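The values are calculated or read from the model by the stated rules, or taken from the named source; none is laboratory data. The shown structure was predicted, so the numbers you read here are calculated from the model rather than taken from an experiment. A quick note on method: Cβ atoms are made from the backbone with ideal geometry, for glycine too, and the neighbour counts reach across all protein chains shown.
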Amino acid sequence: MDGLPDITPFRRRLAELEQAMSSSDFYSDRRKSAELSGEANRCRSIVNTTERLESLRRSIAENEELANDPDLGELAREELPALRAEAEAARETLLRAMVPPEPEDSRNTIIEIRGGTGGDEAGLFARDLCGMYCRYAENRGWKWEMLGGSETDVGGYKEVSVLITGTDVYKVLKYEAGVHRVQRVPKTETQGRIHTSTATVAVLPEAEEVDVKLNPAEIEETVARAGGAGGQHVNKTESAVQLIHKPTGVMVYCADERSQHKNRAKAYKVLLSRLYERKRAEEAAAYAAERKSQVGTGDRSERIRTYNFPQDRITDHRIGFTRHGMPALLAGDFQDLLDALAENDLRRRLAALGLADAPDAVADDSAD
């Protein structure tokens, strides 16, 4: 982006937003006020950074003209590296501000993990992934809540859902959607052979009532006794709740709590988010072929990442990113991977706006 953008539209929009924000009832709608405040901050950043970049470029041009001056040339040449570095940093800031945020980025997130191919080992891997995301949330200062799950006989998960709440949760975790593959020797393997298993991860922005209108007549609800270990803790009441959205066939089952009321509330939360993601995917299908690997598009067959335990190696096949340190990663330490995915996505979006070159395609090493 050698030329600078015309910031007149951003100045005009910023003036409109600042006038709206001065209204006494601006904060009466908390969700809308947050969105408009975020847009105002973005417009302000674009205007201020462009003005700063213009000033830096003028200073660079002046110093370049003075570079051969017998009196001021040495000083001008000494200042040039710092000016150029500051201009490059301002340019990068401007590029990032030019990319509009996705509406869901600020949402809390429901992560659904299901054991895939690999039997018991797939369920154990699903549990490992669940723990990884929960520990990452704790490291970020976010909160997490188990929404429900179904365990395997050996302590893994057939499926599990977790709600993670905090600042920009969906923005950070949305790249985790897809098929995760593990290569390791299962605990039940007596001959030391490496097995390959998979788990699927769905990342759903938490929906609100205004996003999806639920017609009670279209929801079939059934209750049942939740399974338990028996004995004094046996569930003697019908606390498990299953919801079926009849028009779409989307089904949610929740038996995590002993209270039917709490299970019903959690089930509706998951149902809303699944229907919201379905709605988003349908609206995006016409123009978002690039995002086929994203959750909810129906294409979850794509392997996005491999966790190779014998070689202590994690490879993200979408961007060719490889790192080591499996214990640290499973303990929630994988910010470097998330940052690399976010940077790659930013470059693609900038390229779509004509502001940068698209990232190079990464060859998928199927032999990995």
**OP:** Considering each of Thr188, Thr222 in turn, give the residue that is exposed (fewer than 13 other Cβ atoms within 10 Å of the Cβ) and part of a loop (DSSP other than H, G, I, E, B).
**Re:** Thr188
Original post:
Exactly one of (1) surrounded by 12 or more Cβ atoms within 10 Å (Cβ to Cβ); (2) polar (S, T, N, Q); (3) within 30 Å of the chain's Cα centre (by Cα) is unmet by Ser28. Its number?
Top reply: (1)
**OP:** Considering every residue within the range 66-79, establish whether at least one is touching a Leu at 6+ places or on another chain (Cβ under 8 Å), closer than 28 Å to Ala352 by Cβ and at pLDDT 90 or above.
**Re:** no
**OP:** Kindly indicate whether any position in the range 101-119 is in contact (Cβ under 8 Å) with a residue 40 or more places away in the chain, closer than 22 Å to His180 by Cβ and part of a helix (DSSP H, G or I).
**Re:** no
Original post:
Between residues in the range 137-162 that are surrounded by 15 or more Cβ atoms within 10 Å (Cβ to Cβ) and residues that are among the acidic types (Asp, Glu) and in a helix (DSSP H, G or I), which pairs lie under 8 Å by C-beta distance while being six or more apart or on different chains?
Top reply: Trp144/Glu138; Thr152/Asp120; Gly156/Asp120; Gly156/Glu121
Original post:
Which of the residues belonging to the range 48-71 are exposed (fewer than 13 other Cβ atoms within 10 Å of the Cβ) and of a type in the set (A, V, I, L, M)?
Top reply: Ala61
Original post:
Does Thr165 qualify as being in contact (Cβ under 8 Å) with a residue 60 or more places away in the chain, more than 22 Å from Arg305 (Cβ to Cβ) and β-branched (Val, Ile, Thr)?
Top reply: no
**OP:** Tell me which of these Ser45 doesn't satisfy, since it passes every other one: (1) within 30 Å of Asn108 (Cα to Cα); (2) surrounded by fewer than 13 Cβ atoms within 10 Å (Cβ to Cβ).
**Re:** (2)
